[in-house]
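Colleague: I have a structure here, written as structure tokens, and I will follow up with some questions on it.
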Amino acid sequence: MARFPRLHVLNTMIDTGLVPVFHHADVEVATAIGGAVARGGARVIEFTNRGDHALEVFSELERFCRAAHPEVILGAGSILDAPTAGLYINSGANFIVGPVLNAEVARLCNRRKVAYSPGCGTAGEISQAEELGCEIVKIFPGDLVGGPAFVEALRGPCPWTLLMPTGGVDITEESLSAWFSAGVPCVGVGSKLVSADLVAAQDWEMLQQRVAETMSLIRRCRAPAGEE
């Protein structure tokens with residue numbers, strides 16, 4: 001069962017601007033990643049449903065966050081269907097993310113008051129997701145659907161639309177500035193943030209530092225002119 005109300009989850013996504021995304025099959029490594037990301041200042045984390053026994057790893061990660069980092073909002077990504085979404089929600093997922101839009105998942109999440117960010121790639125899909133109650137819609141893959149220019153163009157006729165790009169977001173000032181200038185409320189970042197080399201080296205201090213630096217860059221990109 002989700003620990004955090006849906007509105008708190010959505011507002012935290014918007015306030016912090018960053019959703020680190022990762023998966024690891026080993027519980028000890030997954031909790032080490034979660035701890036480093038949390039210490040770096042991230043308050044929303046997406047663990048993806050990839051590979052066998054991912055739900056078991058997620059459950060242990062949720063218990064770890066609940067005990068060691070109770071402020072962290074943990075959600076589940078790569079969710080394709082409602083039964084899987086239900087399993088993760090019952091294991092403590094505070095939000096659900098998917099690579100595609102699924103109306104059954106949207107209805108389930110609405111019934112449980114859990115935020116759902118489906119992956120969409122067209123204006124029609126985004127509009128359908130909003131009709132189904134999705135507040136922050138994931139655009140995926142962010143670079144291939146049109147990048148920041150797509151966001152800016154869509155928000156012209158639909159300024160109420162909140163889009164979270166995942167895929168194609170780099171942790172450089174140039175990339176982050178382009179996305180936030182286009183009007184996104186937050187970004188999802190996977191391997192560019194939780195990189196394979198840091199995980200292989202188990203360099204959790206460097207991962208913590210990388211997250212902190214990315215959070216600082218996001219604050220700078222979002223600051224009004226003259227307040228950097």
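The values are calculated or read from the model by the stated rules, or taken from the named source; none is laboratory data. Everything numeric here is computed off the predicted structure, so don't read it as measured data. Because the Cβ atoms are built from the backbone with ideal geometry, glycine has one as well, and the counts that use them run over all protein chains shown. We work out accessible area using only protein heavy atoms, side chains counted, and drop any ligands, DNA or RNA first. Shrake-Rupley method; radii C 1.70, N 1.55, O 1.52, S 1.80 Å.
Colleague: Which one of these does residue 136 not meet: (1) closer than 21 Å to residue 79 by Cβ; (2) open to solvent by less than 40 Å² (accessible area, probe 1.4 Å); (3) in contact with an Asp or Glu (Cβ under 9 Å, 6 or more places away or on another chain)?
Modeller: Unmet for residue 136, out of (1) closer than 21 Å to residue 79 by Cβ; (2) open to solvent by less than 40 Å² (accessible area, probe 1.4 Å); (3) in contact with an Asp or Glu (Cβ under 9 Å, 6 or more places away or on another chain): (3).
Colleague: Also: Is it true that residue 206 is among the hydrophobic types (A, V, I, L, M, F, W, C) and touching a residue at least 60 places away in the same chain (Cβ under 8 Å)?
Modeller: Considered against the rule, which asks whether it is among the hydrophobic types (A, V, I, L, M, F, W, C) and touching a residue at least 60 places away in the same chain (Cβ under 8 Å), residue 206 comes out as no.
Colleague: Out of 64, 47, report the one residue that is of a type in the set (Phe, Trp, Tyr), within 29 Å of residue 217 (Cα to Cα) and surrounded by fewer than 21 Cβ atoms within 10 Å (Cβ to Cβ).
Modeller: Numbers: 47 fails: surrounded by fewer than 21 Cβ atoms within 10 Å (Cβ to Cβ).
After ruling out the rest, the residue left standing is 64.
Colleague: Now a separate question. Among the residues of the range 33-48, are any under 24 Å from residue 108 (Cβ atoms) and part of a loop (DSSP other than H, G, I, E, B)?
Modeller: No, that holds for no residue.
Colleague: Kindly provide the set of residues from the range 106-133 that are out of contact with any strand residue (DSSP E or B) (no Cβ under 9 Å at 6 or more places or on another chain) and closer than 18 Å to residue 14 by Cβ, ordered by number.
Modeller: Across the range 106-133, the qualifying residue is only 113.
Colleague: Out of the residues in the range 73-94 that are part of a helix (DSSP H, G or I) and open to solvent by 10 Å² or more (accessible area, probe 1.4 Å), which is farthest from residue 139 (Cα to Cα)?
Modeller: 90
Colleague: Name the one entry in 115, 149 that is free of Cβ contacts under 8 Å to residues at least 60 places away in the same chain and either aliphatic (A, V, I, L, M) or within 19 Å of residue 4 (Cβ to Cβ) (or both).
Modeller: 149
Colleague: How many residues does the range 107-125 hold that are crowded, with 17+ Cβ neighbours inside 10 Å and out of contact with any helix residue (DSSP H, G or I) (no Cβ under 7 Å at 6 or more places or on another chain)?
Modeller: Number of matching residues: 4.
Colleague: Going by the conditions given, is residue 97 closer than 23 Å to residue 176 by Cβ, open to solvent by less than 20 Å² (accessible area, probe 1.4 Å) and of a type outside the set (Ser, Thr, Tyr)?
Modeller: Criteria met by residue 97.
Colleague: Same structure again: Are there any pairs with C-beta distances below 6 angstrom linking a residue in the range 77-92 that is in contact (Cβ under 8 Å) with a residue 12 or more places away in the chain and more than 20 Å from residue 64 (Cα to Cα) to a residue that is among the basic types (Lys, Arg) and open to solvent by 20 Å² or more (accessible area, probe 1.4 Å), with the two at least 6 apart or on different chains, and if so which?
Modeller: Here the result reads 78/50, each pair linking the range 77-92 to a residue that is among the basic types (Lys, Arg) and open to solvent by 20 Å² or more (accessible area, probe 1.4 Å).
Colleague: Which of the residues that make up the range 169-182 are assigned to a loop (DSSP other than H, G, I, E, B) and within 16 Å of residue 117 (Cβ to Cβ)?
Modeller: Matches in the range 169-182: 169 only.
Colleague: Return a yes/no flag: does the range 144-153 have any residue that is in a loop (DSSP other than H, G, I, E, B), touching an Asp or Glu at 6+ places or on another chain (Cβ under 9 Å), open to solvent by less than 60 Å² (accessible area, probe 1.4 Å) and of a type outside the set (Val, Ile, Thr).
Modeller: No, the range 144-153 has no match at all.
Colleague: If you check residue 47 against the conditions, is it in contact (Cβ under 8 Å) with a residue 60 or more places away in the chain and among the aromatic types (Phe, Trp, Tyr)?
Modeller: no
Colleague: Can you name the residue in the range 179-223 that is crowded, with 16+ Cβ neighbours inside 10 Å and in contact with a Cys (Cβ under 9 Å, 6 or more places away or on another chain) and, of all such residues, is nearest to residue 141 (Cα to Cα)?
Modeller: Filtering first and then ranking leaves 179.
Colleague: Can you pull out every residue in the range 8-57 that is closer than 22 Å to residue 99 by Cα and more than 14 Å from the chain's Cα centre (by Cα)?
Modeller: Answer for the range 8-57, where residues must be closer than 22 Å to residue 99 by Cα and more than 14 Å from the chain's Cα centre (by Cα): 24, 25, 30, 50, 51, 52, 53, 54, 55, 56, 57.
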